[in-house]
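Undergrad: The structure's right below; bear with me while I get my questions together.
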Amino acid sequence: MCGIVGYVGERRADQVLLDGLRRLEYRGYDSAGIAVNPDHRVEVRKVAGRLDELARVMQQEPLHPAGIGIGHTRWATHGRPTRENAHPHTDEEGHWLVVHNGILENFSQLRRELEARGHRFRTETDSEVVPHLLEELYRGDLVEAVRQAVLRLRGSFALAVLHDAEPERLVAVRQESPLVIGLGRNENLVASDLQAVLPYTRQALVLENGEIAEVSRDRVRVIRFDGSPVERSPMRIAWSVEESERGGYRHFMLKEIMEQPEALRETLRGRIDPEAGELDWEGLQLDRERLARIRRVAVVACGTAFHAGLTARELIERWARIPVEAEVASEFRYRRPLVGPETLALAISQSGETSDTLAGLRLARELGATVLGVCNVMGSSVDRESDLRLYTRAGPEIAVASTKAYTTQLLTVTLLAVALGESHGELPAEERRRLIRALDALPGKAREALGLSPRLEELAREATGWSDVFYLGRGLDVAVAMEGALKLKEISYLHAEAYPAGELKHGTLALISDGVPVFAVLTQPEVAEKMISNLLEVKARGGRIFVVAPASLREEVEPVGELLPLPESEPELMPILAAIPLQLFAYHAAVARGNDVDKPRNLAKSVTVE
């Protein structure tokens, strides 16, 4: 998500860092900064906005031509995208410089402890606790201070650290957020992505979780958090520059599909307590009492986000027992919706700039509603204009067709539904514990679901001869079917339609004939028997059926069609897992048809006009 670059060598560090950050621009960011460490005095330049603005500032206020420094492009998670919140961060005296990717789950606790001991903070970020911790722990050994500090941190973090007293080395740390070391001749680099080191070397070390690297111009030493040494041979980078942007994947869309386990984990991080089986309300940053006063919810969203809203409707009504209306934003804004002071307007948007969603949000506010924004971009219009907010933490999504943004939206509205259920006293503690523990296991289940890719790639090659595809579901699976059909239309340009399976006999069954492909989503036990009955009708008309369902339903599914097996989870969470094979099929179908997967015709990533 954010971009880290560090350099130690004979070149001007500021120029290497700026070049490296430009090569990471595709990751998305809202602010940027660079620091160098010449002669025991650190210098910092940072801006809110793009790297062009940072380059302008550096031209007006040149940095020392030092051979060591760190740089960062920030995708805001804690604190607005301002110059003050941009990285690098320092301690009060400016001796320490730190850049950080990831989320520190226990930063609030650490910040309170540090403030009680006299530390003064300048920013809203979670990252700023790190230089303050280091200030307390430093006893003349840079690496040992970092090692002790990371033992206090909980969450995901990649760090690059400088100290003004040691201007010939930097320290890098990885814990669940990627970091690589580029190995050059009389120079070494640190980066969050191989793309940034390619102009300087083709040799790299990839840090693993729980590792710390001490980096100087002629040496790299790696240890584990417990202090034990690590011996690892460097890898040869065979990727082109373009391939490295995509992490070696052929397209950004495939990369983003494959990133979903990590994106789901980031969305959960600091918001649940799996051991206690409870929500972490401080991490959610939601007002429990304010939610308890809500008597009605109006979902306002478009496209993929609207499908997430349909899932939100079902879960909120189920767990909080309050009525929910979900409507496409372009229709909502031209009605006279029943919205008032006790209404929660749930505005869902990946970019936070969707024109129709913003118009619906503003109408709801005019009518007195409390607005809760679910979006992926801190500082966006939806974010700024909402009373409450939940960030999806998917990170930048480059491909036009939404994948990880959708599944993280589903997860985020699930957390909201649990929160509403708890605040309204309708979701018993035992039920909450069941759900929270299942949520904690969800990222691992998503990784299992990705294993369907080879079979879906085979099937997609057959799809080059298809002209129509139908998607069916019942209950929570209807929205999944709708999203599956939308994905196929967006990028493969195949005609696809989605229906509640119970509606087949009300007209759609007339379109089923020999060989017509039908994808059925079957993850909800209470409607499984009815769904099988519907599919038998399809089979009787010659339809070719593919069923996305838990592996435990194999015996029930095999008489009607081919099972595309999912790992088991709680039924309310299965729509998140069921979306993954439908995304993969759409992707492989588009590739098989020779389409531009990342930039489908006639579409834009953010729809900012009516």
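Undergrad: What GluC sites (Glu not before Pro) does segment 10-54 have in DSSP loop regions with at most 11 other beta carbons within 10 Å? Intermediate values should be presented prior to the final figure.
TA: Values: sites: Glu10, Glu25, Glu43, Glu53; in loops: Glu10.
Those satisfying the criteria are Glu10.
Undergrad: Calculate the FRET efficiency for Gln109 and Glu570 from the Cβ-Cβ distance with a Förster distance of 30 Å, rounded to the nearest 0.05. Display every interim value, and only then the final one.
TA: Numbers: r = 30 Å, r/R0 = 0.99.
Calculated transfer efficiency: 0.50.
Undergrad: PRE reach from Arg384 (point 7 Å along Cα→Cβ): which of segment 61-80 fall under 14 Å by backbone N?
TA: Under 14 Å, as judged by backbone N against the label point of Arg384, lie 80 of segment 61-80.
Undergrad: Let me have the 222 nm mean residue ellipticity of the chain computed from DSSP H runs of 4+ only, each contributing -39500 (n - 2.57), with the sum over all residues rounded to the nearest 500.
TA: Values: 21 runs with 220 residues, N = 610.
Rounded to the nearest 500, the figure is -11000 deg cm²/dmol.
Undergrad: Sticking with this structure for a sec: What distance in nm separates the two pseudo spin-label positions at His495 and Glu25, each 7 Å out from Cα along the beta-carbon direction?
TA: Output for this residue pair reads 4.2 nm.
Undergrad: Could you compute the FRET efficiency for Glu526 and Arg219, with r as their C-beta to C-beta distance and R0 at 41 Å, rounded to 0.05? Each step should come with its number before you reach the end.
TA: On the way: r = 62 Å, r/R0 = 1.51.
Calculated transfer efficiency: 0.10.
Undergrad: Still on this structure, I have one more. I'd like the distance separating the alpha-carbon centroids of segment 212-230 and segment 453-497, in whole Å.
TA: 48
Undergrad: For the pair Glu458/Asp596, report the inter-label distance in nm, with labels modelled 7 Å from Cα in the Cβ direction.
TA: Here the answer is 3.3 nm between the modelled labels.
Undergrad: Okay, next question. For the chain, what does the accessible surface come to per residue with a 1.4 Å probe? Please give it in Å². Don't jump to the answer; show the numbers that get you there.
TA: Details: 23020 Å² over 610 residues.
Per-residue value: 38 Å².
Undergrad: Apply 1/(1 + (r/R0)^6) to the Cβ-Cβ distance of Glu231 and Gln60, taking R0 = 60 Å, and write down the FRET efficiency to the nearest 0.05. Show your work: numbers first, answer last.
TA: Details: r = 46 Å, r/R0 = 0.77.
It comes to 0.85.
Undergrad: Please give the helix 574-592 orientation as an angle from the longest Cα principal axis of the chain, in degrees from 0 to 90, rounded to the nearest 10.
TA: It is inclined by approximately 90 degrees.
Undergrad: Also, I was wondering about something else. If one computes the Cα centroid of segment 506-558 and of segment 352-423, what distance in Å separates the two points?
TA: If we compute the Cα centre of each part, the gap is 33 Å.
Undergrad: Please state the charge dipole magnitude for the chain, taken about the Cα centre, from unit charges on C-beta atoms (+1 on K and R, -1 on D and E), reported in debye and rounded to the nearest 20. Each step should come with its number before you reach the end.
TA: On the way: 76 positive and 92 negative charges, 152 e Å.
Computed charge dipole of the chain: roughly 740 debye.
Undergrad: Return the long-range amide H neighbours of Asp30 (sequence gap of 5 or more, or a different chain), with a cut-off of under 5 Å between placed amide H atoms.
TA: Answer set, sorted by chain and number: Arg74, Trp75, Ala76.
Undergrad: Using a 1.4 angstrom probe on heavy atoms only, work out the carbon and sulfur share of the accessible area of the chain in %. Walk me through the numbers before you get to the answer.
TA: Details: 10420 of 23020 Å².
After summing per-atom areas, the C and S share lands at 45 percent.
Undergrad: Separate question: How would you rank 255-262, 120-127, 563-570, highest first, on the average number of other Cβ atoms within 10 Å across their residues? The partial results should precede the final answer.
TA: Values: 255-262: 21.9, 120-127: 17.4, 563-570: 20.2.
In descending order of packing, they fall as 255-262, 563-570, 120-127.
Undergrad: Between Ser467 and Arg152, 0.36 nm times their residue separation minus their Cα-Cα distance comes to what?
TA: Numbers: separation 315, 0.36 × 315 = 113.40 nm, distance 5.71 nm.
So the chain would gain 107.7 nm between Ser467 and Arg152.
Undergrad: Then there's this: For segment 512-610, with only Lys/Arg (+1) and Asp/Glu (-1) charged at the beta-carbon, what is the dipole magnitude about the Cα centre, in debye rounded to 20?
TA: Numbers: 9 positive and 14 negative charges, 115 e Å.
Approximately 560 debye in magnitude.
Undergrad: Identify, among Gly444, Leu264, Val518, the residue whose Cα sits farthest towards the positive end of the charge dipole of the chain, taking +1 on the Cβ of Lys and Arg and -1 on the Cβ of Asp and Glu, with the dipole about the Cα centre.
TA: It is Val518, whose Cα lies furthest towards the positive end.
Undergrad: Next question, about the same structure. What are the lysines whose alpha-carbon lies under 21 Å from the alpha-carbon of Lys539, with same-chain residues fewer than 8 places away excluded?
TA: Straight-line reach from Lys539, under 21 Å: Lys505, Lys530.
Undergrad: Also: By how many nm would the segment from Glu168 to Glu144 grow when fully extended, if each residue of separation counts as 0.36 nm and the alpha-carbon distance is taken off? Write out the running numbers ahead of the final one.
TA: Values: separation 24, 0.36 × 24 = 8.64 nm, distance 1.62 nm.
Result: 7.0 nm gained on full extension.
Undergrad: Enter the angle in degrees (range 0 to 90, nearest 10) between the Cα long axis of helix 429-449 and the first principal axis of the Cα atoms of the chain, meaning the one along which they spread out most.
TA: Rounded to the nearest ten degrees, it is 80.
Undergrad: May I ask what percent, to the nearest 5, of DSSP beta bridges between residues of segment 267-377 are antiparallel? Could the numbers behind the result be given before it?
TA: Details: 2 of 18 bridges.
If we restrict to bridges inside segment 267-377, about 10 percent are antiparallel.
Undergrad: Extension gain Arg295-Glu84, at 0.36 nm per residue separation less the Cα-Cα distance, in nm?
TA: On the way: separation 211, 0.36 × 211 = 75.96 nm, distance 3.89 nm.
Working it through step by step, the gained length comes to 72.1 nm.
Undergrad: Put +1 on the Cβ of each Lys and Arg and -1 on the Cβ of each Asp and Glu in segment 365-435; which of Gly373, Leu420, Tyr391 then has its Cα farthest toward the positive end of the dipole?
TA: Tyr391
Undergrad: Which whole-angstrom value gives the distance between the alpha carbon centres of segment 71-93 and segment 138-185?
TA: 17
Undergrad: Using a Cα-Cα cut-off of under 26 Å, which lysines could be cross-linked to Lys599, ignoring same-chain neighbours fewer than 8 residues away?
TA: Output for Lys599: Lys255, Lys404, Lys487, Lys489.
Undergrad: Using Cα pairs under 8 angstrom and six or more residues apart, how large is the relative contact order of the chain, in percent? Could you put the intermediate results ahead of the total?
TA: Numbers: 1380 pairs, mean separation 65.6, N = 610.
It comes to 11 percent, rounded to a whole number.
Undergrad: Let me ask you something else. At Leu338 and Ala540, where each label point lies 7 Å from the Cα along Cα→Cβ, what is the point-to-point distance in nanometres?
TA: Result for the modelled spin labels: 3.9 nm.
The values are calculated or read from the model by the stated rules, or taken from the named source; none is laboratory data. Because the structure is a prediction, the values reported are computed rather than measured. Because the Cβ atoms are built from the backbone with ideal geometry, glycine has one as well, and the counts that use them run over all protein chains shown. Keep in mind that these areas ignore ligands, DNA and RNA; they rest on the heavy atoms of the full protein, side chains included. Shrake-Rupley method; radii C 1.70, N 1.55, O 1.52, S 1.80 Å.
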